[in-house]
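See below for the structure under consideration.
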Amino acid sequence: MSLSFFKPSRPKILPEVAKAIKDSLNALDAKTVAEVKALEKAMEEVEKNFAVMRCMLSGDGEVEPNVEQVSLLALEISKEDVISLVIHKLPTLG
């Protein structure tokens, strides 16, 4: 039994991961960036979702990544157009 409290939990449905990443990046709009508290909360959400994605892509030390899941995640990220959104939000993510 592993007591890893700080490791992100693995989501069950891959489309939810891509959608969560997209939604958290979209939350970084001009209004959010202007308010410090809202920006911190939005950035925490982005970091959490990126950690989930990283865990799915590279494993977590105990579980190796599943090649099929990696392919499906890449497909969902492409479908949701997350890559261009990440590039667009780079100045905010800085």
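The condition (being modelled with pLDDT of 90 or more, closer than 20 Å to Pro15 by Cα and loosely packed, with under 12 Cβ neighbours inside 10 Å) is satisfied by just one residue among Glu80, Glu68, Glu76: Glu68. Among the residues of the range 37-48, those that are more than 15 Å from Gly94 (Cβ to Cβ) and either polar (S, T, N, Q) or without any contact (Cβ under 8 Å) to a residue 12 or more places away in the chain (or both) comprise Lys37, Ala38, Lys41, Glu44.
The values are calculated or read from the model by the stated rules, or taken from the named source; none is laboratory data. Keep in mind it's a predicted model, so treat the numbers as computed, not measured. All Cβ positions, even for glycine, are placed from backbone atoms using ideal geometry, and neighbour counts span all protein chains on display.
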